[in-house]
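Read the structure below first, then the notes.
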Amino acid sequence: CIGGTSDISAGQLIDRTGKRLGLAFPAGKAVDALSLQAEKKESFHVKVKDSVFSFSGIENKMNALAENGICWYVLASIIGGVEKATRQALEKYPGLPVLCAGGVASNQLLRETMIRSCGTVFAEPRFSTDNAMGVAILTWRAHHAKDRV
């Protein structure tokens, strides 16, 4: 494992944001749509060390914000942390392919940012509904890599 979160996951934070706003669970699609309507486009500086990030500070800040712009704030902060962790991993492991799958991986802003900045490959949205699909894809590839050697 190269990196990840030291506390809550991106999906948990997005669903908690949705709950705070009274949105249906899971809240990813609704938070994604609302983020695109934000007038105020700020984000939280996510701490990242050795490709490990922490999202609990964003949750604390999110709870203190007014509803206007909260979706943008949360998503932009998550994306900033994921992008920074990915860049750190790529510095340590140059040429490492980056694949994203899972519920959060269907987010438009995340996809656009990570493709542009890190050359990330994303599973099709129909395969990005939860983390189990990403684990299954990586396991399948690892298993079949043995057959190619």
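Which order do Lys47, Lys84 take when ranked by solvent-accessible area (1.4 Å probe, heavy atoms of all protein chains), largest first? It would help to have the intermediate numbers written out before the result.
Numbers: Lys47 155, Lys84 75 Å².
Largest accessible area first, the residues go Lys47, Lys84.
Taking amide H as placed 1.01 Å from N in the peptide plane, Lys47 has its amide H under 5 Å from the amide H of Ser54, each at least 5 places away in sequence or on another chain.
How high is the relative contact order of the chain, in percent, counting Cα pairs under 8 Å that sit 6 or more residues apart? Mind showing how you got there, number by number?
Numbers: 217 pairs, mean separation 32.6, N = 149.
22 percent.
By how many nm would the segment from Ala142 to Lys49 lengthen if fully extended, with 0.36 nm per residue of separation less the alpha-carbon distance?
Contour length minus Cα-Cα distance gives 30.8 nm.
Using the 1.4 Å probe convention, the accessible area of the chain works out to 61 Å² per residue with neighbouring protein chains retained.
Quick one: order Cys71, Cys1 from most to least accessible surface, probe 1.4 Å. Present the calculation step by step, with values, prior to reporting the outcome.
Working: Cys71 5, Cys1 170 Å².
Accessible-area ranking of Cys71, Cys1, largest first: Cys1, Cys71.
With all distinct Cα pairs included, what does the Kirkwood hydrodynamic radius of the chain come out to in Å, to one decimal, could you say? Write out the running numbers ahead of the final one.
On the way: mean 1/r = 0.0630 Å⁻¹.
When all Cα pairs of the chain are included, the Kirkwood radius is 15.9 Å.
What do you get for GluC sites (Glu not before Pro) in the range 56-95 restricted to DSSP loop and a cutoff of at most 12 other Cβ within 10 Å of the site's Cβ?
Details: sites: Glu59, Glu67, Glu83, Glu91; in loops: Glu67.
Passing sites in the range 56-95 are Glu67.
How long are the semi-axes of the equivalent ellipsoid of the range 45-108, taking √(5λ) for every eigenvalue λ of the Cα gyration tensor, in whole Å from largest down? Walk me through the numbers on the way to the answer.
Numbers: eigenvalues 124, 40, 12 Å².
Ellipsoid semi-axes (Å, largest first): 25, 14, 8.
Per-atom-type breakdown for the chain gives carbon and sulfur 56% of the accessible area (1.4 Å probe, protein chains only). A full extension of the chain between Ser56 and Glu91 corresponds to an added length of 10.1 nm, given 0.36 nm per residue minus the alpha carbon distance. A crude spin-label estimate for the pair Glu39 and Leu99, with each label 7 Å from Cα along the Cβ direction, gives 4.4 nm.
The values are calculated or read from the model by the stated rules, or taken from the named source; none is laboratory data. Every value quoted in this text rests on a predicted model; they were computed, and no experiment measured them. A quick note on method: Cβ atoms are made from the backbone with ideal geometry, for glycine too, and the neighbour counts reach across all protein chains shown. These area figures cover heavy atoms from the full protein model, side chains too; ligands, DNA and RNA do not enter into them. Shrake-Rupley method; radii C 1.70, N 1.55, O 1.52, S 1.80 Å.
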